[in-house]
């Protein structure tokens with residue numbers, strides 16, 4: 001019922017679209033993420049999983065159409081735990097981290113990924129077609145390996161395993177390393193040495209300073225600069241220390257997660273071309289590492305030229321979808337709209353090297369979202385979501401619960417018979 | 001409803017005065033512990049100029065909307081709401097063309113001050129976890145008025161809020177209603193005459209914390225949901241007995257019973273003087289609590305985190321309680337697994353009292369957005385509620401749940417001038433609270449750093465407030 005209602009609302013004249021057939025997606029506004037900017041009355045034609053054309057004018061004749069107020073690339077969550085925990089509060093349903101494991105850097109979050117996890121569809125329904133998924137650090141500051149996936153919920157939706165290493169510095173890193181920042185840095189430097197002297201240290205026995213043989217092996221591409229390292233840190237001095245470390249090790253590919261006080265070192269971050277993945281809601285001195293947190297952090301970072309991706313760090317598994325609301329709030333606090341959109345599309349795509357994603361451009365992958373309004377506006381929602389050209393179901397366990405209870409009438413049969 | 005409940009108790013009048021003095025009827029009223037408040041409010045409204053806000057879209061908070069509307073504030077009160085209001089002599093006139101004016105937002109579920117920023121170990125004052133029944137504690141004794149979170153909430157249009165103890169316990173203790181003004185002591189924030197409240201909790205938290213949260217098997221009681229309910233009943237039975245002794249004494253019979261802080265609170269709840277706020281996610285558990293409250297003759301003022309309220313919205317409407325809800329939090333634990341985005345409008349649509357609450361120092365900064373999300377999701381599901389009606393979720397309904405709706409929660413002549421001027425439609429992500437008035441006094445102005453409070457803790461730090 002709800003579905004037919006939505007279809008009616010947006011005049012979605014969508015003939016049943018089989019996988020990756022041609023579709024013309026028409027938007028009163030089409031945000032492309034490219035030099036084309038935002039088109040008025042734009043048309044995006046997709047076929048065979050790719051975007052064929054992006055322009056204005058009439059849609060090709062004889063092609064199924066989707067009409068909506070706004071059309072954007074599929075949004076990308078640059079930092080989530082979506083799909084690796086069904087219920088974070090239940091140990092049996094939570095694969096985000098492993099405090100009891102002897103391993104750390106080698107833990108691969110993809111091993112815990114479940115495309116059937118209900119947060120996947122819930123996240124997709126809000127316009128997110130791709131997610132970067134990070135493990136959580138529980139035993140050491142080395143959380144392990146993160147991956148990239150689409151939100152189709154299909155087998156094979158992980159499209160890049162071991163896409164990045166995730167490590168945690170600052171207060172959390174200190175506590176995971178025995179109790180102080182010096183201990184965290186000793187562990188980090190020790191781990192780098194373990195990798196660099198791998199042959200000498202591990203060929204005959206497991207004798208690293210910090211890492212087990214398996215962890216050292218897994219951490220090797222990151223140390224060599226062949227793999228992206230995401231580093232969680234908030235305080236100005238932590239950010240400075242990371243940039244110093246990067247200067248000593250210029251081959252490293254890093255991005256900062258958090259950076260609550262990042263605006264204070266924005267110029268240096270920009271000069272060093274270090275992107276920031278941040279939660280623009282952080283505006284409280286919630287810890288001694290966030291004393292300079294401000295709702296203008298995103299705007300100030302962007303103004304300095306730092307590439308900014310916006311995420312929800314508060315509940316990254318089930319509420320990654322709120323990144324659009326957070327980006328809207330960043331706009332209200334001075335971030336240009338276009339930059340906020342890029343924080344959900346092109347910047348994450350660049351950080352993770354997702355080619356052909358985050359933009360509407362000929363030849364790009366056909367991840368397209370049609371919206372009933374401004375995508376950053378809290379009252380807007382997607383009416384259609386395409387992943388690699390496939391029109392995705394706009395249904396989740398949540399929508400099924402809603403439909404069951406919209407009427408509480410159970411005079412004839414219990415509500416359990418409504419499904 | 002709440003008002004009636006309070007007045008019928010008789011002793012509620014005492015509470016309204018903050019403390020009860022001797023009254024010469026043979027028994028000193030300050031011997032009546034159920035309502036005695038030894039920590040009375042010392043809040044007084046800050047000075048305010050007569051103010052006329054004109055040309056705004058006014059949501060009066062009780063379901064009305066006036067385009068091109070005006071609100072007149074005099075002596076800290078709303079004195080008129082309409083279209084063609086004339087400024088009184090000497091009044092400040094604010095041309096609010098293009099802006100929206102609403103009652104101040106009231107969050108009935110916050111832990112500000114009790115779990116303040118920074119969230120260091122020494123600040124973990126929000127929950128007396130030491131036992132499953134700690135009705136004797138009062139969260140106001142944990143509230144640190146210097147929590148910077150109060151100022152961020154103010155910037156989000158919060159004018160009053162309820163601070164609750166945490167949800168580890170079956171009975172967590174007394175809550176407190178505050179005016180959101182910076183202060184040196186919690187007494188300077190206490191909403192004058194607001195009823196005391198009692199925090200209770202259903203479900204996973206009590207049984208986890210006491211039953212199997214302490215590393216031993218089995219821990220103490222409760223270990224299960226049935227243990228939870230047995231725990232409530234045992235405590236209520238004791239409280240009923242205590243209340244009977246005091247009632248007898250007040251009728252002139254017998255010796256003065258010994259005071260018991262825990263039972264004082266519970267007896268106050270049975271008496272109707274103390275409003276019960278109950279953390280309860282699941283529909284089936286709420287249904288049990290409704291019956292439990294009838295067994296002992298008290299009323300649940302509001303269920304909190306009522307993630308499944310939509311499943312029993314009809315029952316909640318019949319009973320006449322409120323549901324305090326998030327717009328879209330879900331799934332973080334088992335009892336939150338069935339959360340849906342249409343919960344709030346579905347509860348409203350069933351004729352029940354719906355409230356948007358935060359339980360978060362981040363969420364409290366934009367409850368208008370949380371309402372907007374729920375409102376739009378309801379609309380997509382075919383539940384079309386006008387914005388002006390939906391605003392009740394943010395001000396009047398929470399005020400009802402706290403027993404302060406006769407004095408604030410809507411823009412009506414005679415009510416406290418707790419007012420927010422928004423830069424745009426507050427159901428937009430781009431809208432900001434520009435001016436926030438509490439009792440007519442301008443306590444926050446987004447465009448004037450001089451009218452933005454900075455707490456002691458923030459002074460001399462790299463931040464010094466949100467946007468310095």
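Numbers below:
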quantity	calculated
Filtered residue count, region A:279-310, keeping only those that are away from chain B (no Cβ under 14 Å) and surrounded by 21 or more Cβ atoms within 10 Å (Cβ to Cβ)	6
Test for residue A:41: is it free of Cβ contacts under 8 Å to residues at least 60 places away in the same chain and either within 14 Å of chain B (Cβ to nearest Cβ) or at negative phi (or both)	no
Which numbered condition residue A:2 fails, given (1) modelled with pLDDT under 95; (2) away from every other protein chain (no Cβ under 14 Å); (3) in contact with a helix residue (DSSP H, G or I) (Cβ under 8 Å, 6 or more places away or on another chain)	(2)
Check on residue A:356, in contact with a strand residue (DSSP E or B) (Cβ under 8 Å, 6 or more places away or on another chain) and at positive phi	yes
Residues being more than 9 Å from chain B (Cβ to nearest Cβ) and buried (at least 21 other Cβ atoms within 10 Å of the Cβ) - total across region A:355-387	19
Meets criteria (within 14 Å of another protein chain (Cβ to nearest Cβ) and modelled with pLDDT of 95 or more) for residue A:25	no
Test: residue B:258 is more than 14 Å from every other protein chain (Cβ to nearest Cβ), more than 16 Å from residue B:201 (Cα to Cα) and crowded, with 24+ Cβ neighbours inside 10 Å	no
Only one of A:207, A:193 that is over 27 Å from residue A:277 (Cα atoms) and modelled with pLDDT of 95 or more	A:193
Residue match in region B:437-450 (condition: in a loop (DSSP other than H, G, I, E, B) and within 12 Å of chain A (Cβ to nearest Cβ))	yes
Top-ranked residue of region B:122-160 - restricted to ones that are away from chain A (no Cβ under 11 Å) and in a helix (DSSP H, G or I), ranked as surrounded by the fewest Cβ atoms within 10 Å (Cβ to Cβ)	B:122
Residues within region A:60-101 that are without any contact (Cβ under 8 Å) to a residue 40 or more places away in the chain and either within 18 Å of the chain's Cα centre (by Cα) or within 13 Å of another protein chain (Cβ to nearest Cβ) (or both), tallied	9
Selected residue (only one of A:316, A:330, A:320 is in contact with a helix residue (DSSP H, G or I) (Cβ under 8 Å, 6 or more places away or on another chain), more than 9 Å from every other protein chain (Cβ to nearest Cβ) and over 21 Å from residue A:37 (Cβ atoms))	A:320
Selection status of residue B:104, modelled with pLDDT of 95 or more and surrounded by 17 or more Cβ atoms within 10 Å (Cβ to Cβ)	yes
Filtered residue count, region B:49-76, keeping only those that are buried (at least 18 other Cβ atoms within 10 Å of the Cβ) and free of Cβ contacts under 8 Å to residues at least 12 places away in the same chain	0
Checking residue A:34 against (1) modelled with pLDDT of 95 or more; (2) more than 14 Å from chain B (Cβ to nearest Cβ); (3) surrounded by 17 or more Cβ atoms within 10 Å (Cβ to Cβ); (4) within 25 Å of the chain's Cα centre (by Cα), the condition it does not meet	(3)
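Each row is one residue, and each column tells you yes or no for (1) in a helix (DSSP H, G or I); (2) under 24 Å from the mean Cα position of the chain (by Cα); (3) buried (at least 20 other Cβ atoms within 10 Å of the Cβ); (4) free of Cβ contacts under 8 Å to residues at least 24 places away in the same chain.
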| position | (1), (2), (3), (4) |
| --- | --- |
| A:178 | no, no, no, yes |
| A:184 | yes, no, yes, no |
| A:191 | yes, no, yes, no |
| A:201 | yes, no, no, yes |
| A:211 | no, no, yes, no |
| A:219 | yes, yes, yes, no |
| A:230 | no, yes, yes, no |
| A:237 | yes, no, no, yes |
| A:242 | yes, yes, yes, no |
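The values are calculated or read from the model by the stated rules, or taken from the named source; none is laboratory data. All of these numbers come straight from a predicted model, not from anything done at the bench. Glycine gets a Cβ as well: all are built from the backbone with ideal geometry, and neighbour counts include every protein chain shown.
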